[in-house]
Ligand SMILES: [Zn+2]
Ligand SMILES: [Zn+2]
Ligand SMILES: [Zn+2]
Ligand SMILES: [Zn+2]
């Protein structure tokens, strides 16, 4: 019995100890838990309000294409110009092949992979403000003149002579050494966002990596007012796609937004990033696209407001006709002429 009593006593003590420890743990938990719940709910409310106001103000994430991966390949359009592969230099017969609408590199189907690996596309961001021409060999526009000797370029067949994909200068291979190495972004520099002014963030997700536009700096150029082009590549019998392609050639590709992939709020986020400087906003599309974007401009209450120009595409162009901005489709788009008119104050198409 004595042994049993001792055993019982031990167990009681053990139970007491356990009970005590449970009591201690519970009592220790109660005060922090009591504080934790209101703190957690306050944090959640703060985060929710922050993101709600960010959303209300149109402060949205702008996803951008990673130009370090692949070129922005586009089907070759039928033209009187002969196209040559930038890798094997052979003539692309019957227009079968692709070209990069950002940098102008061209490839037949066998050379696309090699072109992605060997030839760098137009960089959208860089760390240094010393910027050199980005020369792309061959496939110069018809009637191109040499920036050094002023004679005609591409007088011989084949992949000859060079064009800078930023300033659009063209030059003979033999004249290349005589030109300044540094690129001044050419006649349209006041609407171009130079790569060193573009701040991006790399985000990793479980599927792939994203590039996000984080900030846009002012390059400090006089009268600098970046142009942002918005269109839907599927609208206007694919004219929207042609407009986007053409402007990617002349601008930093991040300035060109396809509404098939991005929202108007993402496009207008440029206004927020460039503020207090204003932006020029070119909307290419029909009435539906225009009213969609203009209602977003109104909703976001941007300050300063972007200077809006329209390039009518498709058939529903009543709004642009009423406002005197033009009414016909643009099957052939002369982008240099359009930009020239955009650079003039108070001009619309
Ligand atoms: Zn090839
Ligand atoms: Zn490219
Ligand atoms: Zn250049
Ligand atoms: Zn020359």
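Under the condition of being farther than 21 Å from residue 195 by Cβ, in contact (Cβ under 8 Å) with a residue 40 or more places away in the chain and not in a helix (DSSP H, G or I), the residues counted in the range 262-280 number 2. Does residue 124 qualify as being within 27 Å of residue 214 (Cβ to Cβ), touching a residue at least 12 places away in the same chain (Cβ under 8 Å) and assigned to a loop (DSSP other than H, G, I, E, B)? Here the answer is yes, as residue 124 does meet what is asked.
Summed over the range 102-127, residues that are crowded, with 22+ Cβ neighbours inside 10 Å and more than 14 Å from ligand 1 (Cβ to nearest atom) total 5. Look at (1) farther than 22 Å from residue 77 by Cβ; (2) in contact with a helix residue (DSSP H, G or I) (Cβ under 8 Å, 6 or more places away or on another chain); (3) modelled with pLDDT of 85 or more; (4) surrounded by fewer than 24 Cβ atoms within 10 Å (Cβ to Cβ) and you find that residue 287 fails only one, number (3).
Looking at (1) under 29 Å from residue 280 (Cα atoms); (2) in contact with a strand residue (DSSP E or B) (Cβ under 7 Å, 6 or more places away or on another chain); (3) at pLDDT below 95; (4) away from ligand 3 (no atom under 14 Å from the Cβ), find the lone condition where residue 193 falls short. With (1) under 29 Å from residue 280 (Cα atoms); (2) in contact with a strand residue (DSSP E or B) (Cβ under 7 Å, 6 or more places away or on another chain); (3) at pLDDT below 95; (4) away from ligand 3 (no atom under 14 Å from the Cβ) applied to residue 193, the lone miss is (3).
From the set of residues in the range 71-91 that are within 16 Å of ligand 2 (Cβ to nearest atom) and assigned to a loop (DSSP other than H, G, I, E, B), which is modelled with the lowest pLDDT?
Only one residue tops the list, namely 76.
Limited to the range 153-166, what total is found for residues that are within 16 Å of ligand 4 (Cβ to nearest atom), crowded, with 18+ Cβ neighbours inside 10 Å and in a loop (DSSP other than H, G, I, E, B)? Result for the range 153-166: 3.
The values are calculated or read from the model by the stated rules, or taken from the named source; none is laboratory data. None of the values given here were measured: they were computed from a predicted structure. Cβ: placed from backbone, ideal geometry, glycine included. Neighbour counts: every protein chain shown.
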